[in-house]
Amino acid sequence: MASERQINVGGVLIGGGAPVAVQTMTKTETANLDATMRQIRTVAEAGADLVRVAVPRVQDAEALKTIVRDSPIPVIADIHFNHTLALKALDAGAHCIRLNPGNIGGPDKVAEVAARANELGTPMRIGVNSGSLPKHLHALERENPVEALVTAAVEFVELMERLDFENFKVSIKSTNVPNTIASNRLLSERIPYPLHLGITEAGTKWSGSLKSAVGLGTLLADGIGDTIRISLSTFHAEEEVKVGWEILKALQLRERGPVLIACPTCGRLQFDMDTVVGQIEKRLEAYTDPIEVAVLGCAVNGIGEASHADFGIAGAKDMGVVYSKGRPLRKVPTEELVDVLFQEIDKYYAAGKTIVVDEAEAAEGAALLAEIEAANAHDLTPERLAAMEAEQARAEAESPTAGRRFTRA
Ligand code: SF4
């Protein structure tokens, strides 16, 4: 269930139906202003809506004043164990502070921080981690870890409410994907506050991205979660942001930048598509519109299933085709496909988002496609098999007694 409440973190709305915000955390020593600001600018360029910085020392809280002033996006101060640092971070102007009410030194200290945050109108993120549940929940944790996590979070929520502080979001984090899913589902039914989603210590770029996509994607697809952070073992925080965006784009929850689609390749591939896809993906980072760009490993099927793409290439051994919206634009030597693709994209923008067609060049492209398709007319490509299966399913739906015409191996 989507959260009912909404908070405002430095101008970014979280919860209450606002777009799911992408956040990350800097990996630098916070007091190293040059390094921290460089990383904040990099993650902001990559699309981070919010950034969190660790504040384990007084000098980090001091540095916050400059960071908050110069950061292009709102800054969240991450505080553990020391309520004095939380007070300093609030006074330094942090747009939000992240606090685990269970490790800050008792309810009196939490009350002091909540009172200061209330005065300043600064929101908080309060949260529990599977590794640090309060002692009285340890027995429950062994028996039912999901219930223990949710109970801890609800107890913190009730504590904040008793302190007349309701300007917060809540997180339950676990390294365990099923427990993260189950506990956030349960929590979303029990409290109206916005939820921060993440998988703790998810792992490397590869495994962490997959775990996060499965865990967070499942919750987001159910409408649960208002802000996400992908935790990856990399010093490049912008990678976390990119993965976060890919999850939101895949679920069509938000749009940002181009969408790249590419065939999986097969034995018909006749050029180095691995390299070409990588080059295109990198060059597309310079564009902000959500245009769809397709890369096909061959033109055996013509433009086929990727004909809806705004722009695309279909490669071949020597000559390929650059196309737009199902229509060939040019016949191009294979080694120039990437450059010409971007020339055509740039022409489109220069012409005020209009596809520019040179009829003679388009005719050459169409002739090449027709030639390749005719030469391979009987190949059972993955796309043709899929089309045949779709046709068979359609025929069977119309006439349930129709026999199967072919079986896919
Ligand atoms: S047949 Fe399909 S999957 Fe194989 S290379 Fe061509 S477009 Fe890619």
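A simple spin-label model places the labels of residue 108 and residue 349 6.0 nm from each other, with each point 7 Å out along Cα-to-Cβ. The HN-Hα couplings worked out from phi for segment 215-228 by the Karplus form 6.51 cos²θ - 1.76 cosθ + 1.60 (θ = phi - 60°) are x, 6, x, 4, 5, 5, 5, 8, x, 9, x, 10, 8, 10 Hz, whole numbers, x standing for Gly and Pro. To the nearest ten degrees, helix 177-190 and the longest principal axis of the Cα atoms of the chain are 60 degrees apart.
Surface composition of the chain: carbon and sulfur atoms hold 52% of the protein heavy-atom accessible area at a 1.4 Å probe.
What the Cβ-Cβ distance of residue 214 and residue 380 gives, at R0 = 35 Å and to the nearest 0.05, is a FRET efficiency of 0.60. By the Kirkwood approach, averaging reciprocal distances over each pair of separate Cα atoms, segment 49-134 gets a hydrodynamic radius of 12.8 Å.
Selection among 10, 93, 221 by position relative to the dipole of the chain gives 93 as farthest towards the positive end (Cβ unit charges, Cα centre).
For residue 49, the accessible area of its heavy atoms, probed at 1.4 Å with every protein chain present, is near 30 square angstrom. Backbone phi angles across segment 346-363, fed through the Karplus curve with coefficients 6.51, -1.76 and 1.60 (θ = phi - 60°), yield HN-Hα couplings of 5, 5, 4, 5, 4, 8, x, 6, 10, 6, 9, 10, 9, 4, 5, 5, 4, 5 Hz in residue order; Gly and Pro are listed as x.
Given a 1.4 Å probe, how much area per residue of segment 50-129 is accessible, in Å²?
36 Å²
Order 155-163, 178-186, 232-240, 95-103 from most to least packed using the mean count of other Cβ atoms within 10 Å.
Going by the mean number of other Cβ atoms within 10 Å, highest first, we get 95-103, 178-186, 232-240, 155-163.
Excluding same-chain neighbours fewer than eight residues apart, the lysines reachable from residue 331 by a Cα-Cα span under 23 Å are 317, 347, 353.
For segment 242-350, the solvent-accessible area with a 1.4 angstrom probe is 47 square angstrom per residue. Can you bin segment 136-180 into rounded, prolate or oblate? Criterion: square roots of the alpha carbon gyration tensor eigenvalues sorted a ≥ b ≥ c, rounded for a/c under 1.5, prolate for a/b above b/c, oblate for the rest. Since a/c reaches 1.5 but b/c is at least a/b, the shape of segment 136-180 is classed as oblate. In plain terms, the C-alpha convex hull of the chain casts an average shadow of 25.0 nm² when viewed from every direction. Only Cα pairs under 8 Å and 6+ residues apart enter the sum, and on that basis the relative contact order of the chain stands at 12 percent. Need one number: % antiparallel among DSSP beta bridges in the chain, to the nearest 5. Once the DSSP bridges in the chain are tallied, antiparallel ones form about 25 percent. Convex hull volume per residue, computed on the Cα atoms of segment 267-373, equals 89 Å³.
The values are calculated or read from the model by the stated rules, or taken from the named source; none is laboratory data. Bear in mind the structure is a predicted one, so any value in this text is a computation, not a measurement. For neighbour counting, all protein chains shown are included, and Cβ atoms are generated from backbone atoms with ideal geometry for every residue, glycine included. Keep in mind that these areas ignore ligands, DNA and RNA; they rest on the heavy atoms of the full protein, side chains included. Shrake-Rupley method; radii C 1.70, N 1.55, O 1.52, S 1.80 Å.
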